[in-house]
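K.L.:
Let me give you the structure first, and then I'll get to my questions.
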Amino acid sequence: MGRAKKVILAYSGGVDTSVCIPYLKQEWGVEEIITLAADLGQGDELEPVREKALKSGASESLVADVKDIFVKDYAFPSIQANALYENRYPLGTALARPLIAKILVEAAAKYGADAIAHGCTGKGNDQVRFDVSCAALNPNLKILAPAREWGMSREQTIAYGEKFGIPAPVKKSSPFSIDKNLLGRSIEAGTLEDPANEPPEEIYEMTKAIADTPKEPEYLEIGFQKGLPTTINGTAKNPVELIEQLNKIVGNHGIGRIDMIENRLVGIKSREIYESPAMVVLINAHRDLESLTLTADVTQYKRGIEETYTKLVYNGLWYSPLKAALDAFIQQTQERVSGVVRLKLFKGNAIIVGRWSDNTLYTPDLATYGADDQFDHKAAEGFIYVWGLPTRIWAQGNK
């Protein structure tokens, strides 16, 4: 099945993406495969991954360090948008996909490939994110998804790979499917497939069990400039450093675990466990700072924009006209969102206990109930008369 001559394959070093290499050549007649592994801060040593691709039959094996771009151009804008899918999940995995698609398309242009390939199955969200993002960036590229079509079980896939010299996983594979990057981990499958089962402690890596967290609270101050996090406890941090340090500080207190039944784009409900310490705390702190610095109508209107934005990102539409339009709205709102938020970290909770900003709209002499009160109480009566007029007219007409 000769679909393409030269292919750029998104490569992780796992069973599916490794087997894609001989499969594309043997079954689909691809002549040359170049693999691309993205370093998104997953913490794995990528040199063995690079070598495995070459041993599996790739003509070239690329590794791209995109941690900085990942945080600055993908994670930070989503913090400005307070993006939580179904009000809980901070999109750690979803945000990585449009970036991987971008570097795949760039590599295809550089190496003269006529197609890109990935190892996604037909049940998940990632296939949609890859396919749609790549199509948005270069609609002329073919997109190959062998795992969506080969119809092999995991055992059959391993056996197929062994025929072409790809070693089976040495240790018994974990029953859990885990995706990990700088922003967090997503864990599914195994015993988690029964929504009634409590997640075993062994699946967690970034967050401590509550029983093991410090006995005393820790205070944390996060500084923002125009909606972007820039400081921890008054010290300036570069974007990657800021996320890494917050993951450690916050995860140490058992904060950032999410256990949810999630509605996938393809219509399936799935049980997902996430660990995302830094992102959970940053979004909560950012939203709080907005309450201090944005007018009521902007804050309230932005909530609807945020929900639409989040669905677009989750559903693979990062590179879409509507997303670009919402980006412009969100950036405009962030001009005033500078200041500091103080949190108290303790036993799985990140409680916001204070916030301050040079752009604050909080007016003490209007808010106070003390002697300094400057509010004109007499003005309230006329306001209430006009405000309540439609209600009174309606009530009289309904007697």
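The values are calculated or read from the model by the stated rules, or taken from the named source; none is laboratory data. Here the structure is a predicted model, which means the values were calculated and not measured. Note: ideal-geometry Cβ built from the backbone for every residue, glycine included; neighbour counts use all protein chains shown. Just so you know, the surface numbers come from the protein's heavy atoms only, side chains and all, with ligands and any DNA or RNA stripped out. Shrake-Rupley method; radii C 1.70, N 1.55, O 1.52, S 1.80 Å.
K.L.:
Please work out which option in (1) 32.3, 125; (2) 25.1, 86; (3) 26.9, 94 gives Rg and Dmax of the Cα atoms in Å calculated from these coordinates, and answer with its label.
P.N.:
Here Rg and Dmax of the Cα atoms in Å agrees with entry (2).
K.L.:
Sticking with this one: Looking at the chain, what % of its DSSP beta bridges pair antiparallel, to the nearest 5? Don't jump to the answer; show the numbers that get you there.
P.N.:
On the way: 36 of 53 bridges.
Bridges in the chain that DSSP calls antiparallel: roughly 70 percent.
K.L.:
Now, a different point. Could you give the length gained by full extension between Gln300 and Leu322, i.e. 0.36 nm per residue of separation minus their alpha carbon distance, to one decimal place? Don't skip to the answer; put the middle values down first.
P.N.:
Numbers: separation 22, 0.36 × 22 = 7.92 nm, distance 1.96 nm.
Gain on stretching Gln300 to Leu322: 6.0 nm.
K.L.:
Can you grab the distance from the C-alpha centre of the stretch 138-165 to the C-alpha centre of the stretch 284-345, Å, no decimals?
P.N.:
Comparing the Cα centres of the stretch 138-165 and the stretch 284-345, I get a distance of 39 Å.
K.L.:
Could I ask something else about it? Would you mind calculating the gained length between Ala236 and Ala196 on full extension (0.36 nm times residue separation, minus the Cα-Cα distance), in nm to one decimal? Mind showing how you got there, number by number?
P.N.:
On the way: separation 40, 0.36 × 40 = 14.40 nm, distance 4.34 nm.
Working it through step by step, the gained length comes to 10.1 nm.
K.L.:
To continue, here is another question. Considering Cα pairs under 8 angstrom that are at least six residues apart, work out the relative contact order of the chain and quote it in whole percent. Don't skip to the end; give the middle numbers.
P.N.:
Details: 693 pairs, mean separation 68.2, N = 399.
Relative CO of the chain lands at 17 percent.
K.L.:
So if I place +1 on the C-beta of Lys and Arg and -1 on the C-beta of Asp and Glu, and nothing else carries charge, what would the dipole magnitude of the stretch 170-256 be about its Cα centre? I want it in debye, nearest 20. Spell out each step's value before the answer.
P.N.:
Values: 9 positive and 14 negative charges, 74 e Å.
That gives the stretch 170-256 a dipole magnitude of about 360 debye.
K.L.:
Using the Karplus curve 6.51 cos²θ - 1.76 cosθ + 1.60 with θ = phi - 60°, work out ³J(HN,Hα) for each residue of the stretch 347-362 in order, rounded to whole Hz, and write x for Gly and Pro.
P.N.:
6, x, 10, 10, 9, 6, 10, x, 7, 8, 7, 5, 9, 4, 9, 7
K.L.:
Which value, in debye to the nearest 20, describes the size of the charge dipole of the stretch 243-359 about its Cα centre when Lys and Arg Cβ atoms bear +1, Asp and Glu Cβ atoms bear -1, and nothing else is charged?
P.N.:
Details: 15 positive and 13 negative charges, 67 e Å.
So the dipole magnitude of the stretch 243-359 works out to roughly 320 debye.
K.L.:
Another question, if that's okay. Give me the one-decimal nm value for the distance between modelled label points at Lys311 and Lys248, 7 Å along each residue's Cα-to-Cβ direction.
P.N.:
4.0
K.L.:
What distance in nm lies between label points placed 7 Å from Cα along the C-beta direction at Thr360 and Glu162?
P.N.:
Simple spin-label model gives 6.8 nm for this pair.
K.L.:
A further question follows. In a GNM of the chain with a 10 Å cut-off on Cα contacts, which of His253, His377, His286 has the highest mean-square fluctuation?
P.N.:
Of the options given, His377 has the highest mean-square fluctuation.
K.L.:
Cα centroids of the stretch 200-229 and the stretch 6-69: how far apart, whole angstrom?
P.N.:
34
K.L.:
List the aspartates and glutamates whose alpha-carbon lies under 18 Å from that of Lys378, not counting same-chain residues fewer than 8 positions away?
P.N.:
Asp365
K.L.:
Quick check on the chain: helices-only [θ] at 222 nm, where DSSP H runs of length 4 and up contribute -39,500 (n - 2.57) each and the sum goes over total residues. Nearest 500, please.
P.N.:
On the way: 13 runs with 158 residues, N = 399.
Result for the chain: -12500 deg cm²/dmol, rounded to the nearest 500.
K.L.:
Rounded to the nearest 5, what % of DSSP beta bridges with both residues in the stretch 1-107 are antiparallel? Present the calculation step by step, with values, prior to reporting the outcome.
P.N.:
Numbers: 1 of 12 bridges.
So the antiparallel bridges in the stretch 1-107 amount to around 10 percent.
K.L.:
Stretched out fully, how many nm does the piece from Ser59 to His377 gain, at 0.36 nm a residue minus the Cα gap? Don't jump to the answer; show the numbers that get you there.
P.N.:
Numbers: separation 318, 0.36 × 318 = 114.48 nm, distance 7.79 nm.
Result: 106.7 nm gained on full extension.
K.L.:
To continue, here is another question. Where only protein heavy atoms count, and the probe is 1.4 Å, what is the accessible area per residue for the chain in Å²? Working shown, then result.
P.N.:
Values: 19710 Å² over 399 residues.
Averaged over the residues of the chain, the accessible area is 49 Å².
K.L.:
Which entries of Lys226/Lys347; Lys110/Lys180; Lys72/Lys323; Lys215/Lys248 show an alpha-carbon separation above 19 angstrom in the structure shown? Walk me through the numbers on the way to the answer.
P.N.:
On the way: Lys226/Lys347 31 Å; Lys110/Lys180 28 Å; Lys72/Lys323 17 Å; Lys215/Lys248 17 Å.
Violating the 19 Å limit, Cα to Cα: Lys226/Lys347; Lys110/Lys180.
K.L.:
Also: Sort 356-369, 94-107, 33-46 for me by packing, meaning the mean count of neighbouring Cβ atoms within 10 Å per residue, highest on top. Display every interim value, and only then the final one.
P.N.:
On the way: 356-369: 11.7, 94-107: 22.5, 33-46: 19.9.
Ranking, from highest mean packing down: 94-107, 33-46, 356-369.
K.L.:
Ok, one more. Rounded to the nearest 0.05, what FRET efficiency is calculated for Glu216 and Glu51 with R0 set to 51 Å and r the Cβ-Cβ distance?
P.N.:
On the way: r = 46 Å, r/R0 = 0.91.
The computed FRET efficiency comes out at 0.65.
K.L.:
Could you tell me whether the stretch 1-71 comes out rounded, prolate or oblate from its Cα gyration tensor? Rule is a ≥ b ≥ c as square roots of the eigenvalues, rounded for a/c under 1.5, then prolate if a/b exceeds b/c, otherwise oblate. Mind dumping the intermediate values first?
P.N.:
Numbers: a/c = 2.58, a/b = 1.94, b/c = 1.33.
Prolate is the answer for the stretch 1-71, as a/c is 1.5 or above and a/b outweighs b/c.
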